[in-house]
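Just below is one structure, and these are the notes that go with it.
The values are calculated or read from the model by the stated rules, or taken from the named source; none is laboratory data. This one's a predicted model, so the numbers in the text were calculated from it and none came from an experiment. Note that we place each Cβ from the backbone using ideal geometry, even for glycine, and neighbour counts take in every protein chain shown.
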Amino acid sequence: MRRLAVLGSTGSVGEQTLAVAAAHPDRFAVVALAAGRRIAKLADQVRAFRPALVSVADAAGAAELRARLGAEAPEIAVGAAGLEAVATADADLVVAGLVGAVGLAPTLAAVRAGRDVALANKEVLVMAGALVRREVAARGTALLPVDSEHSAIFQALAGEDPACIARLILTASGGPFRTWSAERIAKASVEEALNHPNWDMGPKITIDSATLMNKGLEVIEARWLFDVPPDRVEVVVHPQSIVHSLVEFRDTSVMAQLGLPDMRVPIAVALAHPERLPLDVPRLDLAAIGRLDFETPDTKRFPCLALAYEALRGDEAAPAVLNAANEVAVESFLAGGLAFPGIARVNAAVLERFAAGEAAGTLRDLEDVTAADAWGRARARELLDAERGG
Ligand SMILES: NC(=O)c1ccc[n+]([C@@H]2O[C@H](COP(=O)([O-])OP(=O)(O)OC[C@H]3O[C@@H](n4cnc5c(N)ncnc54)[C@H](OP(=O)(O)O)[C@@H]3O)[C@@H](O)[C@H]2O)c1
């Protein structure tokens with residue numbers, strides 16, 4: 001029986017994690033759940049899984065949850081302290097399914113408490129890859145990828161000597177605007193950007209997929225997860241999302257992992273590692289799919305991918321700054337305050353100011369990461385305010 005704590009249980013990854021756990025009640029017990037503001041959904045999860053501890057974003061959410069659950073209510077914690085309590089609960093595996101920078105402190109707390117972590121919340125490694133790697137190595141814990149691309153690489157590397165890796169090749173669906181002209185992309189609406197061709201995910205990652213920032217964040221994530229230099233992490237566009245990623249070895253052999261796009265598969269790989277669970281999900285029928293296409297990404301129409309490589313080549317703190325700017329820009333786009341190309345423009349401008357040496361470049365501890373994040377957010381907000389003012 002593996003005891004699970006799930007950060008972000010009401011999100012897309014969180015719900016699918018609980019679906020895998022529910023399908024294998026003999027294998028998993030859910031001991032702690034952390035959510036934000038979707039209290040009704042969290043109440044249903046509490047009734048279904050009976051965790052001893054839950055956490056919500058604020059006191060109003062805690063009161064609503066208590067009212068909904070009455071005598072069935074478990075211990076309820078709140079805010080950043082609540083996230084940390086769930087991250088360090090008495091669990092065997094913590095699923096990091098929060099979105100964005102809010103996940104960094106609890107994920108680091110889980111590692112420091114010696115918990116194995118199944119990581120979906122890629123922003124954690126983007127912001128603080130070196131720091132998290134150091135902590136994972138010092139505690140001897142496992143960091144298991146949930147992102148489908150990184151799970152594919154993890155599976156392709158099983159039993160291999162990392163010294164023999166020539167390249168990691170991440171596949172990208174290309175998002176909803178893959179075939180659109182720059183002029184059409186410039187006028188894309190929020191609804192169009194949220195309409196991902198292959199995956200049903202939370203809003204932030206869906207917008208990141210449309211800008212290709214998601215693939216950029218994944219390049220940075222792969223660099224840290226597998227300790228491979230950035231120039232050995234490549235991206236190829238693969239619109240069908242069947243080949244989830246590939247590894248080329250020094251003898252030129254290429255290993256890939258394939259499957260229909262369904263997050264329950266990489267989630268189950270991380271939850272059950274090193275075993276494989278039987279899963280009741282649709283199976284791959286290659287003849288029915290017929291063809292698999294691959295193209296080079298277009299960084300002219302999708303500059304965010306190039307920005308991620310630029311950040312990796314820059315000072316240690318550059319990815320955290322880029323990530324922060326991107327979170328602010330995506331939020332603004334989703335709220336209707338910024339046109340789609342504005343996301344890349346804000347990200348590029350903030351990164352450029354950082355590269356000009358306006359902020360500290362090194363990351364010794366969590367405080368440095370938080371400072372870089374705050375700096376990036378403040379610059380992005382200034383740019384947005386200036387645009388609105390003008
Ligand atoms: N979705 C996918 O298929 C997928 C695939 C690969 C990687 N990922 C990565 O996995 C992560 C999660 O993505 P997602 O699509 O599952 O996101 P999502 O659907 O938006 O879910 C985010 C979760 O985080 C919670 N949350 C957000 N801010 C919070 C806060 N301040 N305090 C407490 N809880 C907070 C939300 O709670 P409430 O909703 O209750 O407010 C929700 O449970 C992202 O980093 C994403 O890049 C996702």
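One residue alone among ALA138, ALA120, ALA96, ALA85 is small (Gly, Ala, Ser) and more than 18 Å from VAL30 (Cα to Cα), and that residue is ALA138.
Only one entry of ALA57, ALA19, ALA48 meets the criterion of being among the hydrophobic types (A, V, I, L, M, F, W, C), out of contact with any His (no Cβ under 6 Å at 6 or more places or on another chain) and over 24 Å from LYS122 (Cα atoms), and that entry is ALA48.
Residues that are under 30 Å from GLU316 (Cα atoms) and among the β-branched types (Val, Ile, Thr) were ranked within region 179-234; the one that is farthest from the ligand (Cβ to nearest atom) is VAL228. Considering every residue within region 166-180, establish whether at least one is of a type in the set (Gly, Ala, Ser), more than 26 Å from GLY82 (Cβ to Cβ) and more than 18 Å from the chain's Cα centre (by Cα). Yes, region 166-180 contains at least one residue that is of a type in the set (Gly, Ala, Ser), more than 26 Å from GLY82 (Cβ to Cβ) and more than 18 Å from the chain's Cα centre (by Cα). Considering ALA324, ALA306, the condition of being at pLDDT 95 or above and under 16 Å from ALA101 (Cβ atoms) is satisfied by ALA324 alone.
Only residues that are in contact with a helix residue (DSSP H, G or I) (Cβ under 6 Å, 6 or more places away or on another chain), part of a loop (DSSP other than H, G, I, E, B) and among the hydrophobic types (A, V, I, L, M, F, W, C) were counted in region 302-329, giving 1. Answer yes or no as to whether VAL13 is near the ligand (Cβ under 10 Å from one of its atoms) and either among the hydrophobic types (A, V, I, L, M, F, W, C) or closer than 14 Å to ALA96 by Cα (or both). Here the answer is yes, as VAL13 does meet what is asked. Only one entry in SER173, SER189, SER181 is in contact with a Ser or Thr (Cβ under 7 Å, 6 or more places away or on another chain) and hydroxyl-bearing (Ser, Thr, Tyr), namely SER173. Across region 33-52, the number of residues qualifying as of a type in the set (A, V, I, L, M) and either over 18 Å from ALA22 (Cα atoms) or near the ligand (Cβ under 10 Å from one of its atoms) (or both) comes to 6.
Residues in region 350-368 that are within 25 Å of ASP385 (Cβ to Cβ) and surrounded by 15 or more Cβ atoms within 10 Å (Cβ to Cβ): VAL350, LEU351, ARG353, PHE354, ALA355, ALA359, ALA360.
Residues satisfying the criterion are absent from region 67-75 (criterion: away from the ligand (no atom under 15 Å from the Cβ), among the basic types (Lys, Arg) and over 21 Å from MET201 (Cβ atoms)).
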